[in-house]
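The values are calculated or read from the model by the stated rules, or taken from the named source; none is laboratory data. All values derive from a computational prediction rather than experimental measurement. Every residue, glycine among them, receives a Cβ derived from its backbone with ideal geometry; neighbour counts consider all protein chains shown. In case anyone asks, the SASA skips ligands and DNA or RNA and just uses the protein heavy atoms, side chains included. Shrake-Rupley method; radii C 1.70, N 1.55, O 1.52, S 1.80 Å.
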Amino acid sequence: MSAGDNAAVLIEEESVLLLHTEQELIAEAPFHQRPAGGKAAVAAESGSSTITIQPYTDDPDRAQAPLVDTASKSVRNTPTIYHLLVPFTLFTLAFGGNLAPKINIILSLVCREYYAKQQGMLEPSVALWANLAGSDVVRALEGDVDEICQVAEVHATASTVTMWVGLLTGLLGTFTSAWLGALSDRIGRRPVLMIGVLGPFLADLTIIIAARWSNLKSYNLYYLAAFFDGGTGSYILVVAMCHSYATDCTPPGNKRAAAFGLFHGVLFGGMAVGPTIASFMVSRTGNALTFFYVGLFLQIVFFFLVVFVIPESLSQARMLQAQSAYRQQRRLAQHIAVRPLTLRTFVRRINFLEPLSAFWPSDGTKLVIKRNMVILAIMDALCVGNTMGEIMAGLMYAEFMFHWTSVETGYYVTTVGFTRIVLLFVLLPNILRVLKAHVDRYRRRSGTYLPENKIFGATDTDILLIRGSAGIALLAYAGFMLTTTPALYLVCGATGALSGALAPTMEAAISKHVPRQNTGMILGAVALMHSIARVVAPTIYLSVYSATVGWFPKAIFVVFLSSFGTIFVATFFIRRNITGGLMEDDGEDGEDDDHDHDYDHDHNGESGSE
């Protein structure tokens with residue numbers, strides 16, 4: 001027997017032994033996850049090496065166990081989404097309140113260097129500070145950016161710096177967010193949340209140092225802040241962990257979309273209230289750094305609440321399952337590593353995009369499920385990219401066109417954020433309830449109704465909500481293209497905020513396409529896509545803005561319209577109401593087609609009879 005055959009036998013024996021160990025934990029698996037039937041179960045029983053890691057699926061025919069183990073826990077220690085909502089609010093207040101000051105600090109620092117060069121002063125000095133402050137070129141970072149800094153040259157340089165900072169943050173985030181998300185399946189959500197909040201804390205501390213430093217190039221410290229922020233996954237990882245926590249505590253269906261909506265509402269709430277508080281403090285103290293100190297305090301409080309107050313949402317049994325599967329993957333990787341190193345294996349080892357394979361798993365997942373996950377992940381990344389672009393390029397556009405200060409910018413962000421809060425906290429649960437009732441009535445009348453626990457992946461309600469939200473966004477950004485006054489710009493921003501259900505609905509739909517023990521992995525992959533969007537989108541938007549601000553600043557809204565148009569069209573390619581479980585089985589695909597009707601087309605045909 002050759003060495004290769006010996007290795008294959010060894011891998012097979014280890015896989016079978018590990019599967020027997022995992023089967024002891026399956027009885028404790030939360031919700032209604034059990035070993036998949038059909039091919040996977042047969043392969044596991046026979047010890048075949050065809051399927052080395054036994055896949056799991058949500059089996060609607062099994063009794064549904066509780067989401068979390070409540071037998072040995074008090075009400076206070078039983079994890080719910082409400083344990084995390086209040087602490088997460090503190091984090092989002094710090095994040096939202098610092099958005100406008102970060103942009104204004106970069107503009108002030110770039111402006112200081114620009115006019116110093118204009119006056120031939122290339123070295124910092126007391127005389128330089130007195131000269132600049134005395135001529136009102138820049139107010140030494142006290143209060144708002146001066147009117148004289150609102151010129152195309154300063155904005156072009158500042159947007160370039162902001163672009164590279166976002167690029168560095170996003171690139172680092174692509175290396176860490178997905179890995180940390182998968183790690184949370186093995187060690188719990190709380191430790192990864194602690195890591196996620198540490199980076200923004202160090203980043204804000206670095207920005208304070210940059211603003212207080214007299215060196216003309218002190219804005220380069222923003223790159224160090226980006227290293228701290230991106231190296232720990234940034235706020236994207238924190239949001240992904242909150243979504244993972246919500247998935248651990250919430251069953252699939254409309255409740256999960258509503259739970260994701262609550263966390264998005266808190267995020268946008270922080271982005272709404274934070275700038276108002278920051279604007280008030282800046283106007284009172286005359287110092288743009290004031291809220292940064294408050295933000296540091298809020299992040300410290302959030303960290304200690306995670307350490308001492310918030311209960312872990314993952315049970316020990318689920319973490320053991322994930323650790324067991326991870327150890328087997330490591331064993332397989334070690335056996336593969338003894339083979340001669342080829343270009344293909346080398347590229348695979350260094351490929352930081354490998355976590356994206358979670359969207360196209362090779363564990364027996366149905367083709368239609370995998371296709372849906374890829375489409376939804378791309379749509380979600382486009383949505384996140386648009387949000388990042390609006391925060392950066394949109395605010396700079398408003399400051400350039402309408403000469404807004406931090407106060408006006410803060411009020412704009414507050415209005416947009418408050419609209420999103422009303423949508424996600426008040427309107428979204430009711431919209432989901434009305435849509436589901438309407439869809440259920442139609443399904444019962446047409447004879448295609450199925451209980452929610454027998455449907456997997458995206459539902460009619462998900463797709464209708466995503467499509468409607470994308471349509472509202474298209475309307476809003478068409479308005480941005482046409483408006484020429486600050487008031488109408490504000491109205492368009494509030495209208496665009498009504499599309500805020502887009503991201504939470506897509507992310508909740510993605511989580512419905514995988515077994516629950518893979519939640520951290522799939523949402524970690526979503527966080528990786530968000531990090532990629534954080535790299536690509538600001539690069540595109542800020543590059544377009546920098547190149548066109550002098551002659552056609554509205555060009556960025558053309559890119560916005562193209563992106564949301566792509567999301568709207570992509571909704572017609574998503575398969576919904578999939579039955580029979582997540583995994584492939586003989587004869588299942590044909591069975592799915594009987595229940596996977598196109599609701600829109602059928603509904604149009606029946607609308608006259610209502």
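Each Lys or Arg adds one and each Asp or Glu subtracts one; over the other residues with Cβ under 14 Å from the Cβ of Phe260, this totals 0. Listed values for segment 199-211 are Karplus-derived 3J(HN,Hα) couplings in whole Hz (6.51 cos²θ - 1.76 cosθ + 1.60, θ = phi - 60°), namely x, x, 4, 5, 5, 5, 4, 5, 5, 4, 4, 4, 5, and x replaces Gly and Pro. Under the simplified labelling scheme, the Tyr411-Glu452 pair shows an inter-label distance of 4.2 nm, with each label point 7 Å from Cα along Cα→Cβ.
In this structure segment 177-220 gives 35 Å² per residue of accessible area when probed at 1.4 Å with all protein chains present.
Could you sort out which of Lys255/Lys370; Lys366/Lys436; Lys102/Lys512; Lys436/Lys554 sit more than 30 Å apart by Cα distance in this structure? List each step's numbers first, then the result.
Working: Lys255/Lys370 23 Å; Lys366/Lys436 25 Å; Lys102/Lys512 37 Å; Lys436/Lys554 39 Å.
Checking Cα-Cα distances, Lys102/Lys512; Lys436/Lys554 exceed 30 Å.
Using θ = phi - 60° in the Karplus curve 6.51 cos²θ - 1.76 cosθ + 1.60, the 3J(HN,Hα) couplings for segment 540-554 round to 5, 5, 6, 5, 5, 5, 5, 7, 10, 4, x, 9, 8, x, 6 Hz; x is entered for Gly and Pro.
Computed from the Cβ-Cβ distance with R0 of 22 Å, the FRET efficiency linking Arg212 to Phe308 stands at 0.10.
Taking 41 Å as R0, compute the FRET efficiency from the Cβ-Cβ separation of Ser362 and Thr285 and round it to 0.05. Between Ser362 and Thr285 the formula returns 0.10.
Amide H to amide H distances under 5 Å link Met583 with Lys366, where only residues 5 or more positions off or on other chains count and H is placed in the peptide plane. Computed from phi, the 3J(HN,Hα) profile of segment 468-475 under the Karplus parametrisation 6.51, -1.76, 1.60 (θ = phi - 60°) reads x, 5, 5, x, 5, 4, 4, 4 Hz, with x in place of Gly and Pro.
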